[in-house]
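Student: Got a structure here, written out as structure tokens. Questions coming.
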Amino acid sequence: MTPSQEHETPPQEHETPPQDRVRRPLPDRVRPRTGPGRVLLVLAAAVAVTLFTATVPLLRDWFDLRVYHGAVHAWVHDGGRLYDYRVPGTAYGFTYPPFAALVMLPMALVGLGTAVTVTLLLDLAALALVLRRLTGPEWRRLGWYGCCLVALALALFEPLRDTVSFGQVNILLLALVLADAWLLASGRGRWAGAGIGLAAAVKLTPALFIGLLLLAGRWRAAGVATGVAGGATLCAAWAAPDASRFYWTEALWDTSRIGRPEYVSNQSLQGVLARLGAPDRALWAVLVLLVLVLWAWRARRAAKAEDWTAAFALTGLAACLVSPITWVHHLVWLLPSFAVLVRAGHPRTAGALYAVLCTSVVWLWADDPSRPGALLGSNAYAWITLGLLAALPVAHSSSGRPATSRMPSATTPAPSPAAPATAADSAQPGPSCAGGAAATAGAAAGPDCPRTRSASSEPTGSTRPAASNPQSSRARASSYTAKPPPR
């Protein structure tokens with residue numbers, strides 16, 4: 001062997017592109033090796049999360065649930081008009097379509113405490129369904145330790161915290177919509193659209209998902225969604241004609257019932273413009289149109305590639321931006337986006353953005369929007385939503401693989417005759433996925449993207465920023481009820 005041959009680098013056959021490599025799990029030295037060690041870590045994390053949630057964010061004292069319960073109770077038992085009810089001491093009342101009130105009629109049979117308990121159970125069930133849909137088969141690998149860490153991370157997520165402590169319906173609607181995403185991704189499309197239709201009948205924002213079905217050419221699913229939403233609305237009109245007439249002709253158009261658009265909790269395009277002192281309706285309409293064009297282009301691309309998780313994530317992002325009012329708790333619609341980021345091999349980006357949405361940072365500008373940094377800080381959640389809409393990785397072929405991982409690689413040579421079985425397997429048709437990158441950190445691809453083994457209109461403008469000297473949760477809840485914030 002000549003000296004030149006000794007120093008010659010041997011050819012790298014079948015080198016795998018970086019984006020397709022499966023990252024190895026973290027070494028044991030950075031993770032607890034024993035059961036007691038994991039128990040101690042979970043307990044320490046639980047204490048930290050409890051201290052954070054007890055001091056930094058405000059607890060909402062089930063305010064929106066008290067609106068629902070009081071309005072339905074007054075409507076059924078006191079003979080009052082549904083949309084005339086106001087929570088005692090406040091100017092806030094029921095603002096959903098009449099069908100939502102029909103769904104909530106069982107509240108008239110129970111007390112507020114029972115309604116809170118049932119709502120919590122429904123939220124937990126809906127959250128489990130959402131996580132099951134977003135993680136796909138990976139959830140089985142979490143075990144008790146992984147499930148505890150996921151639960152603690154979710155407890156920090158401000159939109160979810162607010163949804164639960166307000167007694168809101170957002171997570172229930174997200175579960176309904178993602179059920180349709182699962183039906184479409186799994187080929188069980190006969191009843192796809194029913195969940196979207198029900199969600200749109202309860203709240204108008206999810207109606208944008210019907211637009212997604214039309215963009216994707218899923219005419220049957222779009223028809224089912226439209227039919228279910230229309231049928232539910234007609235059912236409400238038959239059961240409560242006076243309430244329906246008032247809602248569709250007056251209440252829907254009365255923005256004073258919702259809250260001030262410039263309030264820091266409103267993280268929509270209109271909220272950003274209002275805080276910037278530019279509440280021009282024409283400018284808002286132009287921006288909404290641009291956002292919808294961007295959404296239509298990217299969502300159609302994802303749907304064409306059968307990447308339904310990304311398509312539904314993009315639609316949730318767009319709905320939050322174009323809605324006139326998007327309170328912080330509405331941003332639970334961002335959860336699918338984090339699943340897509342992790343699936344596409346960007347867990348650090350997902351973690352960083354998720355962390356920002358846990359900080360309650362926007363409330364630092366609630367009392368004084370003119371403070372330095374307001375352009376970025378008071379609109380932080382809106383900027384994150386817009387950035388995700390523009391840059392969320394989506395597939396561009398039927399493989400469901402993110403576009404970043406489908407680019408041809410000059411470092412990958414053609415298979416050699418020494419590996420005919422591998423070449424034959426790779427040539428087989430069927431869905432594939434950049435499972436290696438996605439599997440990092442054990443998160444979310446969903447059934448439409450199998451992976452290799454790895455690693456509103458509701459009265460919530462009344463939220464208040466955290467005090468510089470945090471009170472107890474009970475004291476804050478009492479002051480919130482006794483003195484509603486400015487509208």
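Student: What residues qualify as long-range amide H neighbours of ARG81, i.e. H under 5 Å apart, gap of 5 or more or another chain, H built at 1.01 Å from N?
Tutor: Residues meeting the criterion, in which the H sits 1.01 Å from N, do not exist here.
Student: Additional query: Please list, in order along the range 274-289, the HN-Hα scalar couplings obtained from phi with the Karplus expression 6.51 cos²θ - 1.76 cosθ + 1.60 (θ = phi - 60°), rounded to whole Hz, x for Gly and Pro.
Tutor: For the range 274-289, the Karplus curve yields 5, 6, 7, x, 10, x, 5, 5, 5, 4, 4, 5, 5, 5, 4, 4 Hz.
Student: Let me ask another. Can you divide the C-alpha Rg of the range 122-188 by 2.2 N^0.38 Å and report the result to two decimal places?
Tutor: Its radius of gyration relative to the 2.2 N^0.38 Å reference: 1.17.
Student: Here is a follow-up. How much solvent-accessible surface does ILE258 expose, in Å² to the nearest 10, with a 1.4 Å probe and all protein chains in place?
Tutor: Counting only protein heavy atoms, the figure is 30 Å².
Student: Taking 20 °C and 1.002 mPa s as the conditions, I'd like the Stokes-Einstein D for the range 176-237 in µm²/s, using the Kirkwood hydrodynamic radius from alpha carbon pairs.
Tutor: 194 µm²/s
Student: Provide the FRET efficiency to the nearest 0.05 for the TRP253-ALA108 pair, computing r from the beta carbons and using R0 = 30 Å.
Tutor: Working from the Cβ atoms, E equals 0.65.
Student: Treating the range 269-374 as a set of equal point scatterers at the Cα positions, no solvent, please give the Debye-formula log₁₀ I(q)/I(0) at q = 0.21, 0.24 Å⁻¹.
Tutor: -1.22, -1.31
Student: Here is a follow-up. Can you give the convex hull volume of the alpha carbon atoms of the range 98-158 per residue, in Å³?
Tutor: Residue-normalised Cα hull volume stands at 129 Å³.
Student: Starting from the amide H of ALA395, placed 1.01 Å from N in the peptide plane, find each other amide H under 5 Å away whose residue is 5 or more places distant or on another chain.
Tutor: Hits under the 5 Å cutoff: ALA403.
Student: Could you give each residue of the range 102-107 its phi-based ³J(HN,Hα) in whole Hz, using Karplus coefficients 6.51, -1.76, 1.60 with θ = phi - 60°, and x for Gly or Pro?
Tutor: Listing the rounded values in order: 5, 5, 8, 3, x, 4 Hz.
Student: Taking just the alpha-carbon atoms of the range 206-330, what radius of gyration and Dmax come out, in angstrom?
Tutor: Cα-based Rg and Dmax for the range 206-330 come out at 16.7, 46 Å.
Student: Can you give me the P(r) profile for the range 315-379? Cα pairs, bins 10 angstrom wide beginning at 0, each as a whole percent.
Tutor: For the range 315-379, the binned pair fractions read 19, 42, 33, 6 percent.
Student: In square angstrom, what is the accessible area per residue of the range 94-210 with a 1.4 angstrom probe?
Tutor: 39 Å²
Student: Pop out the carbon and sulfur fraction of the accessible area of the range 109-195 as a percent, whole number, probe 1.4 Å.
Tutor: 76 percent
Student: Could you report the accessible area of GLU262 in Å², rounded to 10, computed with a 1.4 Å probe on the protein chains as they sit in the structure?
Tutor: 70 Å²
Student: Measure off, as a whole percent, the carbon and sulfur share of the 1.4 Å-probe accessible area of the range 271-404, all protein chains present.
Tutor: C and S fraction of accessible area: 69 percent.
Student: Something else about it: So for the range 192-279, what are the equivalent ellipsoid semi-axes in whole Å, largest first, each being the square root of 5 times an eigenvalue of the Cα gyration tensor?
Tutor: Result for the range 192-279: semi-axes of 28, 21, 8 Å.
Student: Here's another thing I want to ask about it. May I ask you to give the average projected area over all directions of the convex hull of the Cα atoms of the range 49-107, in nm² rounded to one decimal?
Tutor: Result: 5.3 nm².
Student: Okay, next question. Scattering from the C-alpha atoms of the range 104-216 alone, worked out with Debye: what is log10 I(q)/I(0) at q = 0.12, 0.14 1/Å?
Tutor: With no solvent term, the Cα-only Debye profile gives -0.52, -0.69.
Student: Residue farthest toward the positive end of the dipole of the range 292-356, with Cβ of Lys/Arg at +1 and Asp/Glu at -1: which of TRP297, LEU314, LEU353?
Tutor: TRP297
Student: Calculate the length of the line joining the C-alpha centroid of the range 103-128 to that of the range 293-367, in whole Å.
Tutor: Between the Cα centre of the range 103-128 and that of the range 293-367, the gap is 27 Å.
Student: Amide H neighbours of CYS358 under 5 Å, counting only residues 5+ apart in sequence or on other chains, H built in-plane at 1.01 Å?
Tutor: It is GLU158, by chain and number.
The values are calculated or read from the model by the stated rules, or taken from the named source; none is laboratory data. The structure presented is a predicted model; accordingly, all values stated were derived computationally and were not measured. As a convention, Cβ positions derive from the backbone with ideal geometry for all residues, glycine included, and neighbour counts pool all protein chains shown. All accessible areas refer to the heavy atoms of the entire protein, side chains included, with ligands and DNA or RNA removed. Shrake-Rupley method; radii C 1.70, N 1.55, O 1.52, S 1.80 Å.
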